[in-house]
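Enquirer: Please see the structure below; I have some questions.
The values are calculated or read from the model by the stated rules, or taken from the named source; none is laboratory data. Just so it is clear, the structure is predicted and the values come from calculations on it, not from any experiment. Methodologically, a virtual Cβ is constructed for each residue, glycine included, from the backbone with ideal geometry; neighbour enumeration extends over all protein chains shown. SASA here: full protein model, heavy atoms, side chains in, ligands and nucleic acids out. Shrake-Rupley method; radii C 1.70, N 1.55, O 1.52, S 1.80 Å.
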Amino acid sequence: MYITVSDAADPGSGAQQADDVRAREAIVRIRDVRRRYGQVVALDGISVEVGRGEIFGIIGRSGAGKSTLIRTINGLETVDEGSVEVAGRRISGLSESELVPVRRRIGMVFQHFNLLSAKTVFDNVALPLKLAGVGRAEIEPKVRQLLDLVGLSDKARAYPAMLSGGQKQRVGIARALAADPELLLSDEATSALDPETTLSILHLLRDINRRLGLTIVLITHEMAVIREICDRVAVLDRGRVVEHGPVWEVFARPATEVTRRLLGTLRPELPAFLAERVRPQPGPGTDALIRLEFTGKAALEPVLADLARELDVRATLVHGSIDYIAERPVATLVISVPYEGEDWLRRVNAHLAGRVAGMEVLGYVPRAL
Ligand code: ADP
């Protein structure tokens, strides 16, 4: 019997759509953007495109340039070189007064909510509508509808101080949606929240994305956020995009050390008893521990059977897990195989390349296992 990692994605499902994003119309086009602060190069030639309707994540360590980048999208930050376009309109180079109508089409959610403490929940959400000159008669039903959407219908008369962090962020989201934006920017919207509240806010954002078809660009330093809701991700390091692609692909095959470090504990770790015995170098009578990554439709058994038949390698399964990322199964399996020298390892490597999504030699353990 084949142990199969089945592809849960039907054509047209979320995962499929994530792959098709490159074929979508781009709503955000960032081209070769550079930004310095004195001697500090915050953005060092960034090019990114966000497809209409997707949730696009930008991740990186502190100081990587995430905030600067997301703020160039609504003109809160100017660029020294390059261009930023949203829905075909050039943002970079616009004056403050030219930016006013553009910003109305781009909602933003902030880490610290940025609510007005002297105003009620209702008035906080109504504010962008008032500023845009919308009449009272229209404001009332619109705000009610938004509060309903974010699950706060009963808090219209409350003041921010009476709300939990998660509720405050729901107000922030309702306010960001007030002017029916075509793009929502989220600047570390869940960083100040506990894990459970974080999840509920992320699910709300996903729900809004699906229900309204609203494009969301979010920045975060947490891979768990990316995994939970993003379709595609760009990894930023020192002002450059070091890696980008569909989230499930980046998780299964992180191409850079920066991404691997950000993934940290989200990558299945070896059990402690095994991790303790792993050595970086092979020795006489050691087994190589090889991590294999499978994505989508892939079968384990033929891979191991071919390995045995073609290279006479007997693999033992020692560890494994299956995760679902953007509705795609991503399986990690660790096999143990008797080590027979570097040439042999190169042959195993060449044999497995193309049969699995990713492969990595984790180290070596005494054969007694
Ligand atoms: P991140 O959001 O990934 O933490 P930022 O975009 O905030 O990164 O910062 C990128 C780099 O630019 C950092 O080195 C930061 O210190 C610097 N920087 C950001 N904003 C300013 C500013 N207003 N003045 C001077 N340096 C800044």
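Enquirer: Could you run the Debye sum over the Cα atoms of region 153-310, one equal point scatterer each and no solvent, and tell me log10 of I(q)/I(0) at q = 0.10, 0.17, 0.18 Å⁻¹, two decimals?
Expert: The calculated log intensity ratios at q = 0.10, 0.17, 0.18 Å⁻¹ are -0.55, -1.13, -1.21.
Enquirer: Give the value in nm², to one decimal: projected area of the alpha carbon convex hull of the chain, averaged over all directions.
Expert: 22.4
Enquirer: Can you tally the net charge around ASP80? Count Lys and Arg as +1, Asp and Glu as -1, for every other residue whose Cβ sits under 10 Å from the Cβ of ASP80. Before the final figure, lay out the partial values.
Expert: Numbers: positive: ARG34, ARG35, ARG36; negative: GLU81.
With Lys, Arg at +1 and Asp, Glu at -1, the neighbours total +2.
Enquirer: In whole Å, what three semi-axes, largest first, describe the equivalent ellipsoid of region 24-152 built from its Cα gyration tensor (square root of 5 times each eigenvalue)?
Expert: 31, 17, 15
Enquirer: Please work out the average accessible area per residue across the chain, using the 1.4 Å probe convention, and give it in Å².
Expert: Solvent-accessible surface per residue comes out at 47 Å².
Enquirer: Also, quick follow-up: Looking only at ALA189, ALA331, ALA132, which one moves most when the chain is put into a Gaussian network model with springs between Cα atoms under 10 Å?
Expert: Maximum fluctuation in the GNM of the chain, among the listed residues, is at ALA132.
Enquirer: Where both partners of a DSSP beta bridge lie in the chain, what percent of those bridges are antiparallel, to the nearest 5? All intermediate terms of the calculation are to be shown ahead of the outcome.
Expert: Values: 51 of 71 bridges.
Beta bridges within the chain, antiparallel portion: roughly 70 percent.
Enquirer: Suppose R0 equals 22 Å. What FRET efficiency, 1/(1 + (r/R0)^6) with r the Cβ-Cβ distance, do ARG24 and VAL102 give to the nearest 0.05?
Expert: 0.55
Enquirer: Using the reciprocal of the averaged 1/r over all distinct C-alpha pairs, how large is the Kirkwood radius of region 229-285 in Å?
Expert: 13.5
Enquirer: When averaged across all projection directions, what area in nm² does the alpha-carbon convex hull of region 222-344 cover?
Expert: 9.1
Enquirer: Suppose R0 equals 30 Å. What FRET efficiency, 1/(1 + (r/R0)^6) with r the Cβ-Cβ distance, do LEU311 and ALA272 give to the nearest 0.05? Mind showing how you got there, number by number?
Expert: Details: r = 31 Å, r/R0 = 1.03.
So the FRET efficiency works out to roughly 0.45.
Enquirer: Give me the percent of DSSP beta bridges within region 137-282 that run antiparallel, rounded to the nearest 5.
Expert: Around 55 percent antiparallel, to the nearest 5.
Enquirer: Quick one: which residues, 5+ away or cross-chain, put their amide H under 5 Å from the amide H of GLU243? H built at 1.01 Å from N.
Expert: Amide H to amide H, under 5 Å and 5 or more residues apart or across chains, GLU243 pairs with VAL235.
Enquirer: Give the Cα extents of region 156-234 along the principal axes, in whole Å, largest first.
Expert: 38, 28, 18 Å, listed from the longest principal axis down.
Enquirer: Quick check on region 38-99: what does the Kirkwood estimate of hydrodynamic radius come out to from the alpha carbon pairs, in Å? Don't jump to the answer; show the numbers that get you there.
Expert: Working: mean 1/r = 0.0780 Å⁻¹.
Computed over region 38-99, the radius equals 12.8 Å.
Enquirer: State the Cα centre-to-centre distance between region 93-140 and region 341-367 in whole Å.
Expert: One Cα centre to the other: 56 Å.
Enquirer: For the chain, what does the helix formula give at 222 nm: sum of -39500 (n - 2.57) over DSSP H segments with n ≥ 4, over the residue count, nearest 500 deg cm²/dmol?
Expert: -10000 deg cm²/dmol
Enquirer: Pop out the ³J(HN,Hα) list for region 230-242 in order, Karplus 6.51 cos²θ - 1.76 cosθ + 1.60 with θ = phi - 60°, rounded to Hz; leave Gly and Pro as x.
Expert: Taking θ as phi minus 60°, the curve returns 7, 8, 10, 9, 10, 9, 9, 8, 6, x, 10, 7, 9 Hz for region 230-242.
Enquirer: Debye calculation, C-alpha points only, no solvent: report log10 I(q)/I(0) for region 274-369 at q = 0.24 Å⁻¹, in the same order as the q values.
Expert: So the normalised log intensities work out to -1.33.
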